[in-house]
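Contents: one structure, followed by commentary.
No lab work stands behind these numbers, since they all come straight from the coordinates. Given the structure is predicted, the values throughout are model-derived calculations rather than measurements. Cβ atoms come from the backbone with ideal geometry, glycine included; neighbour counts cover every protein chain shown.
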Amino acid sequence: MTPFPTNSGESRPASDLIRVRDLTKTYAGGDPSRPALDRVSIDIPRRHFVSLIGPSGCGKSTLLRVIAGLEGYDSGEATVFGTSPKAMCANKAVGLVPQTPALLPWKNVRRNIALPQKVNRRAGRGGEDPDDLLRMVGLGELGHRYPHELSGGQQQRVAIARAFGMRPEVLLMDEPFSALDEFTRESLQLQLLAMWERMATTVVFVTHSVREAVTLSDEIVVMSARPGRIHEVLPVDLPRPRDTALVNSPRMHAMEDRVRASLESAWQAGAAPDDLVAL
Amino acid sequence: MTTQTPARTVPAPSRPAPPARRPRRRGNRSPFHPATWTPAVAVLLLLGAAWTAVAAEHPYILPELGEVGTALVTSPLVFLENAWRTLRIALLGALIGAGSAFVLALVMSEIPVVRRALMPFAVVLNVTPVVALAPPLVVAFGFGMTPKVVVTAIITFFPVLINVATGLRSVPPPVLHVFETLHASRLEVLLRLRIPSSLPYTLAALRVVLPLSIVGAVVAEFVTAGSSGGLGTVISNAASTARLDFVYSAIFCLAALGVLLLALVTAIEHRLLFWHESQRRASS
C-alpha cells in the first residue's frame, strides 16, 4: 500500500489540481481509531476524469462531499484549483449529480435545468441555454414534461444536464447510474463521456462498478475501508474517445481484471465490516 | 482497438410513449358509473327510511324529513344569510389562524431558538379544549364578530403549525446538497425548495382545518346566541323553542358548508399538487 499514491498530478501547480493532503475525518459518534477518511492524499489534475471505487464504508462518498464543500474534516487540507471548496461553490464552479436525480418535482424539465442560473445570481456565471443542454442529453422535445412523467434514466439525464449547465470547473458525481438498468447505464456512460469531452471539465465519479470506472476514467482511485484510505491509483491507458467497440474489447477486460485484483487486495487491507459475521 | 471514428451517444432505449401531462386516473370508474354511486345511495335510502320511522314515532327526537325540507324551502333567505355569516367567521378565523401558523412555522424552521421557546406552548394550546375559551372571550370582546373569529383562529392554528413545520423539513438531502453546491442563500432555499416541498403538508392541514373552522364558528355562536346571527345562533334559538325542523335544516346547511370547503381544498390540491404522489395514486 502506498501512503502517498502518485499520479500524473505531481508536477502541476496547485491551481491546476484538486488537491487533498493528509485529510482525516471522523464522523461524530464514529470510532476515532477508524476514521471515515484516514490521512488521505490525492491530486486530481484539471480536465481529468477520475473514479473513486472501493468497498462500502471506504469513504469514497465522504471524500466526494469534502471536495464539494458539503462536509468538514478534522485535519489536513482540501483545495480545488487553488481555492477552498466553499469558494468554488460560491462561484458556482461545482456541479453535483447525486445518486438520486434530485430534481424539483413541481418544475418542468426545462425549469429544472435552468435552476442553477436562477439561484445565487451574485456569482454572475452565465449558463448554457437549457434547450441546448436538453438536446445534448437527447431529451430535446421533453422540456415541458415534469419529472414524474420521465423514466429513471431520463431523470438522471436531466440531472446531468443541470450539472453541466453552469459549465462547472468540477463535476462531482455520486453513483449517478447505480439505480439504472444495465442497458440504460451503458448508453448514459457514453453520453456522459461525450459531454465531458465537449465541456472540458474535471470529473470526480464515485462508483461501485469496476466496468463503469474503467469505461469512463483516466485514473481509478481504489480505496480500502475501516479506516478509509487510498489503496492504489490505477491509470487507465485506453484511448479516447471511447466507444462501444472499445468497451467490449480485450484491453478493456484486462484493465477491469487489474482493478478487480486491486479491489481484492484493498478488501484484505481493510478491517472486516462490523456487521459481517466471520465464518 | 486504436483510432476509430468517435462513436457518439447511443440513444437511450426508446420507451413506450410516456403518459400524457396529467394522466387520467386509470382503474377508477367515472363518478357517474352506477357501480360508483349505487352503494352510497342505498345507504342513504336506508338512513332516510330509519329517520322517517323514528320521526313518525317520536316527533320530539327527530322532525319529519318533509318538515325539514319545508323549513329550508319556505325561508331560504334565513338559512342563506346565516350560513353566510357562519362561513364568513369560519373563513376569516381560518385565514388568521392558518396564516399566522404558517408564518410562525417559517420562523421556527429558520430560527431553532424560537422553535424551542414556543413549541411547548403551542402543544399546550392544542391539548386545551379551545371551545372552552369561547365564554371568556365573549366577556373580553363582547358579542360582535371578534370572539368568534378568535376561537376559530385558535382552533385552526395548531394543525397548520405542526404540518407546515414538518413539511419545511421534508426536503430530501440530495436536493439540499445540490442547492448547497450552488451556494444558494437561505432565502433561496426557503422560497425555491422548502416552501414548495411543504405544500402537500400545508394542504393536508387545510383539509383538516377548514371543516374545523366551522366547528369553531358554530360553538362561538352558541355562546353568543341571541345577539348576532349565524347558523349556531339559529340552532340554539330553534332548539330552545323545540323547532326541530329548523335545527336540522341548519345542521344540513352546516354539513353542506363543510362539503363545500372540502371540495375547495380538493380542487386546490389537484391544481397545485399535480406533481405529487398523492394526486396520482390510481395511475401508478
Using a 10 angstrom cutoff on alpha carbons, build the Gaussian network for chain B and name the most mobile of B:LEU273, B:LEU65, B:LEU118. B:LEU118
Length released on extending from B:HIS33 to B:THR241, taking residue separation times 0.36 nm less the Cα-Cα span: 70.4 nm
Can you work out the FRET efficiency for the pair B:HIS276 and B:LEU187, with r the C-beta to C-beta distance and R0 = 35 Å, to the nearest 0.05? 0.90
Please give the net charge around A:MET136, taking every other residue with its beta carbon less than 9 angstrom from that of A:MET136, where Lys and Arg add +1 and Asp and Glu add -1. 0
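Express the relative contact order of chain A as a whole percentage, based on alpha carbon pairs under 8 Å and six or more residues apart in sequence.
On the way: 540 pairs, mean separation 69.4, N = 279.
Rounded, it is 25 percent for chain A.
Suppose every Lys and Arg Cβ carries +1 and every Asp and Glu Cβ carries -1, with no other charges. What dipole size does chain A come out with about its Cα centre, to the nearest 20 debye?
Charge dipole of chain A: 1020 debye, to the nearest 20.
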Just check segment A:141-210 against the gyration tensor rule for me: Cα atoms, a ≥ b ≥ c as the square roots of the eigenvalues, rounded for a/c under 1.5, and otherwise prolate or oblate depending on whether a/b exceeds b/c. oblate
At 7 Å along Cα-to-Cβ for each site, give me the label-to-label distance between A:GLU264 and A:ASP129 in nm. 5.3
For B:THR74, B:THR266, B:THR156, A:THR24, order by how many other beta-carbon atoms lie within 10 Å, fewest first: B:THR74, B:THR266, A:THR24, B:THR156
Pairs of alpha-carbon atoms within less than 8 angstrom and 6+ residues apart define the contacts here; what relative contact order does chain B have, in percent? 25
Where a label projected 7 Å from the Cα of B:GLU64 along Cα→Cβ would reach, residues of segment B:246-281 with amide N under 18 Å: B:246-249
So, in nm, how far is label B:PHE252 from label B:ALA53 when the simple model puts each one 7 Å beyond its Cα toward the Cβ? 2.1
Can you classify chain B as rounded, prolate or oblate using the Cα gyration tensor, where a ≥ b ≥ c are the square roots of its eigenvalues, rounded means a/c under 1.5, and otherwise it's prolate if a/b beats b/c and oblate if not? oblate
Which one, B:ALA134, B:SER170, A:VAL109, is farthest towards the positive end of the dipole of the protein assembly as shown when Lys and Arg carry +1 and Asp and Glu -1 on their Cβ? A:VAL109
List the aspartates and glutamates whose alpha-carbon lies under 15 Å from that of B:LYS148, not counting same-chain residues fewer than 8 positions away? B:GLU221
Is any residue of segment A:79-109 close enough, with backbone N under 16 Å, to a label point placed 7 angstrom from the Cα of A:ARG167 along the Cα-Cβ axis, and if so, which? A:91-95
Can you compute the modelled spin-label distance between B:LEU262 and A:ARG251, with each label point 7 Å from Cα toward Cβ, in nm? 7.0
Could you please rank B:PHE246, B:PHE79, placing first whichever residue has the fewest other Cβ atoms within 10 Å of its Cβ? B:PHE79, B:PHE246
Rounded to the nearest 0.05, FRET efficiency between A:GLU197 and A:SER75 (Cβ-Cβ, R0 45 Å) equals 0.75
Where a ≥ b ≥ c are root eigenvalues of the Cα gyration tensor, a/c under 1.5 meaning rounded, otherwise prolate if a/b exceeds b/c and oblate otherwise, the protein assembly as shown counts as prolate
Which of B:LEU272, A:LEU52, B:LEU257, A:LEU192 has the fewest Cβ neighbours within 10 Å, and the rest in rising order: B:LEU272, B:LEU257, A:LEU192, A:LEU52
What is the sum of charges, Lys and Arg at +1 and Asp and Glu at -1, for the other residues whose Cβ falls under 9 Å from the Cβ of B:GLY232? 0
Counting only complete DSSP H runs, which helices of chain A cover 20 Å or more along their long axis at the Cα atoms and score a mean Kyte-Doolittle of -0.5 or above? A:182-199
Helix-only mean residue ellipticity at 222 nm for the protein assembly as shown, each DSSP H run of n ≥ 4 adding -39500 (n - 2.57), per residue, nearest 500: -16500 deg cm²/dmol
